Amino acid sequence: MRTLNGLLVALLMQASVSFAGNGNLTLDDALQSAHRQNHDLRLAGIAIASAHAASIMAAAAPNPMLTLQTFGINPHTGIGAGGLRDKTVDSAVRVDQLIERGDKRALRTQNAMQLEVAAQRDLDDVQRQLGIAVSQAYYDVLAALEKQTLTRQSATLYDATVAAARKRLKAGDLASADVARLQIDALRAQNDVVQSGADLARAREVLALLLGTRDAPASLTPTDPWPTLAFDGSLSPQSLDALLARRADVLAAQARVDAAVTAHKQALALRTRDVSVGVQFDHYPVSATNTQGSGNTFGIALQIPLFVRYQYDGEIRLADSLRDSAEENLARIRDLARSDLARSRADAQAAFERIARYDDGLLAAARKSVDATEFAFAHGALGVMDVLDARRTWRATQLDALAARADYAKSLAAWQAATNERITP
């Protein structure tokens, strides 16, 4: 477990990361920046510091109680002459110490330390989830950049097609209505360019928020390529159980079960009576007005609670309920973790197969089709509707392939995080 000082240095005192002036950002840079500056991660670190403080408080023994008391003052006879020590008053100095029995202090300390372990595991889980979120936001920005490039290229091609159509219109080879149809699609392509810019700005804002960076979000530009197209989601039952056993969220839930079991023992220990031991020194001097003074005396007191009305039944039942709740939550977390693994594997496998089909032939076939259609249209061999259909199919295929590639990258990041692998480009 990290020391408290190391944690505070790592999470609360790190300086802000500044990226290159042109905003270029690798995935590793993004992950490191998020681990230094993300607000959720810092809050998780503060929670550990709070849990550590609770452990210190739990381990503390009860302090003794000092009592200074003066009594036996008679207003009719007065307090007599002489110094303060010779006054005819009864003064007492008493020290009381509570003695905890039933291992209450040890159980209290153990409970606090188990909750501190749970807070540490929560931090680990926040780091895991943050890695997924940063990776997915990173690839969202990369996809938005490529989408913007595709839409700009498409708009440029539409402009070229409109220019070719106008030449054919002047030559009397094309109707003005067909040119108008091409102009409509060209304007739609320009709208797509504007929308892709807005999508890019939104994706950059999301990434900047996760990174906790004060740099201008518009300067964040991913430089890493898409992940290599290779996926193996095979897991043996033994491997699956091992993955579940070391997941941070499962470990956090298990630590809270352990803390709840200890808390139940604490509740039972309340029925073991604590005692208070007191030692008292009395000073009651003899004087002319007080011939009954006793001088200096000592006394010992022992206080024992009597459980005649209440025996902590409510605390014990509450501890029972909290223990059952913690155990049920552990079972729920394990089921969610198992489902997360299965879902991550299914998503990554499906995305892998989708992008493989695009790379293996769909993109090449769509490109070949649109090039042939553009060539035929430019030479008057095809009508405008044919070229529009081919152009729309090509653009849709490109965007679908880009979406599939982004889905694969994001699902792969989720799978790597679910299997405790390092998230790498």
Pseudo-spin-label distance R273 to I46, built 7 Å along Cα→Cβ, given in nm, is 4.6
Rolling a 1.4 Å sphere over the protein heavy atoms, what is the accessible area per residue of region 189-316, to the nearest Å²?
56
Determine the share of region 381-421's accessible area contributed by carbon and sulfur atoms, expressed in whole percent, with a 1.4 angstrom probe.
51
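Which of the trypsin sites (Lys or Arg not before Pro) found in region 93-161 are in a DSSP loop and have at most 12 neighbouring Cβ atoms, other than their own, within 10 Å?
Working: sites: R94, R101, K104, R105, R108, R121, R128, K147, R152; in loops: R101.
Hits after loop and neighbour filter: R101.
Of the accessible area of region 131-262, with the probe set at 1.4 angstrom, what percent is carbon plus sulfur?
On the way: 3570 of 6330 Å².
That share works out to 56 percent.
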What are the semi-axes of the equivalent ellipsoid of the chain, taken as the square roots of 5 times the eigenvalues of the Cα gyration tensor, listed largest first and rounded to whole Å?
79, 26, 16
Expected unfolding gain across N329-F307 under the 0.36 nm per residue rule, minus the alpha-carbon gap, is 4.5 nm
Longest segment of the chain lacking chymotrypsin sites (Phe, Trp or Tyr not before Pro) that sit in a DSSP loop with at most 13 other Cβ atoms within 10 Å:
1-306
For the chain, built as a Gaussian network whose Cα springs stay under 10 Å, the top-fluctuating residue of A59, A203, A137
A59
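Quick one: compute a quarter of the convex hull surface over the Cα atoms of region 246-399 and quote it in nm². Present the calculation step by step, with values, prior to reporting the outcome.
Details: hull surface 94.0 nm².
With every direction weighted equally, the projected area is 23.5 nm².
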All lysines inside 22 Å of K368 as judged from Cα atoms, apart from same-chain residues fewer than 8 positions distant:
K147
On Cα atoms only, tilt of 176-211 relative to the major axis of the chain in degrees:
20
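Where does the chain land at 222 nm, in deg cm²/dmol rounded to the nearest 500, when only DSSP H runs of n ≥ 4 count, each adding -39500 (n - 2.57), divided by all residues?
When only DSSP H runs of four or more count, the value is -23000 deg cm²/dmol.
The values are calculated or read from the model by the stated rules, or taken from the named source; none is laboratory data. As the structure is a computational prediction, the values presented were derived from the model and not from experiment. Neighbour counts are summed over all protein chains in view; Cβ atoms, including those assigned to glycine, are modelled from backbone coordinates with ideal geometry. SASA here: full protein model, heavy atoms, side chains in, ligands and nucleic acids out. Shrake-Rupley method; radii C 1.70, N 1.55, O 1.52, S 1.80 Å.
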